[in-house]
Every structure is written in structure tokens, then in C-alpha cells.
Amino acid sequence: METLAAFVIGLIVWTFVEYVIHAWLSHTFKTFATPFHNGHHHDPRNVFAVRTWLPLAIIWSGAVSIWGFATGVVFFSGILAGFAIYELLHYRIHFAVPRNSWESWLRTRHLIHHSHAAMRGFGVTSSTWDLVFASDLSRAKDWVHAEAAARTPPLTGPSNLHKILRFDLQP
């Protein structure tokens, strides 16, 4: 039971980490993440977070080889699972037709963030931290764009994944 709890807490912690990276490190303050994120806002085909997978995989593999599946490693695994879910959902938001009403809501919310409310609606997988930090999309002002966002077709063409696989890490 402790292992499951550690994993689930890791998933929940990921939602906060996601918010911090997107809201504070990418939008609010100019940091190392800002140029990559600006590139994504300019062209959503730019997939920049995938650059972190190799270092995280090395760290995770090292942790498992040293400590096995100790509680801390399982907690970290929950965070990484949250990151993987985020990556999948974020990719689907931009490149695929939503499969259900929840995905449709996430997509609409994120596309409103991209096109009309860059300083609100930072949570991609959850709106929880937007509610906590008062950066949620306001119904009256932002959701007027929901219909246009919902009608936006998925992106076509390649992402910048090929550059990442060639280790071209420029923003």
C-alpha cells in the first residue's frame, strides 16, 4: 500500500511541477525554459520537453540500480509517469482529434491559452493549480473563444522530433 501511495503522490506532485514549469519558468520569468516555450507558442509543432527524457531515463535507471524500488524511487516513478501522460496528452491536444469529452475540454482549454490567454490556463493535464494560483481561464472573458478553439483542426506535418533525435538542441 505504501508503494501505491508513493506512486499516486508522485502523479499528483507532477501536476504541480507541470504548473511551475509552464507558468513560472516559461511564462512569468525569463529562464532557461523561456526560449524553448516561446518556440512552442510560435509553432506548436516544436516539441521541446522530449529533450529531457534521456537525462531522466538515466537518472531513473541509476536510482533503480542503486535503491531498487524503494519508496523514493517509486515516488519519482510516479512523477515520471505524470510527465509521460502530460507528453502524450499535450501531443494529442495539438496533433489529434479528441477521443472523449475530457480530452476535448483539455484541448479547448489549452488552445485558448495558446491563442487568447497566454498568461492564464497553464495546466495542460489539470486545472487544479490554475484554480489555486488564480490563473484559471475566466468563463466570461476567455471561454468566449471556446467554439473557435474547438473548431481548430489538429496540426498536420512533422514535429521537430527529428531535430531532437539528431541532438540539435537549439530552441
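Below is a table of values for the structure above.
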| quantity | calculated |
| --- | --- |
| Residue order, fewest to most beta carbons within 10 Å, for Val97, Val74 | Val97, Val74 |
| Cβ charges +1 (Lys, Arg) and -1 (Asp, Glu), total dipole of the chain, debye | 380 |
| Between helix 53-67 and the chain: long-axis angle, C-alpha atoms, 0 to 90°, nearest 10 | 30 |
| Cα→Cβ-extended label distance, 7 Å offset, between Trp67 and Val17, nm | 1.3 |
| Additional length obtainable on full extension of the chain from Leu155 to Phe133, 0.36 nm per residue less Cα span | 4.9 nm |
| Full-extension gain in nm, Arg45 to Arg99, via 0.36 nm per residue minus C-alpha separation | 17.4 nm |
| Selection from Gly10, Asn38, Ala84 lying farthest towards where the dipole of the range 2-153 points positive, charges on Cβ | Asn38 |
| Per-residue HN-Hα couplings for the range 99-106 [Karplus 6.51, -1.76, 1.60; θ = phi - 60°; Hz; x = Gly/Pro] | 8, 7, 5, 5, 5, 5, 5, 4 |
| Helix-only CD estimate at 222 nm, as mean residue ellipticity for the chain, using -39500 (n - 2.57) per DSSP H run (n ≥ 4) | -18000 deg cm²/dmol |
| Gyration tensor (alpha-carbon) shape descriptor, the range 2-153, a/c threshold 1.5 | prolate |
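A short reminder: the numbers here are calculations on the coordinates, not readings from a lab. Because the structure is a prediction, the values reported are computed rather than measured. We place every Cβ from the backbone using ideal geometry, glycine too, and count neighbours over all the protein chains shown.
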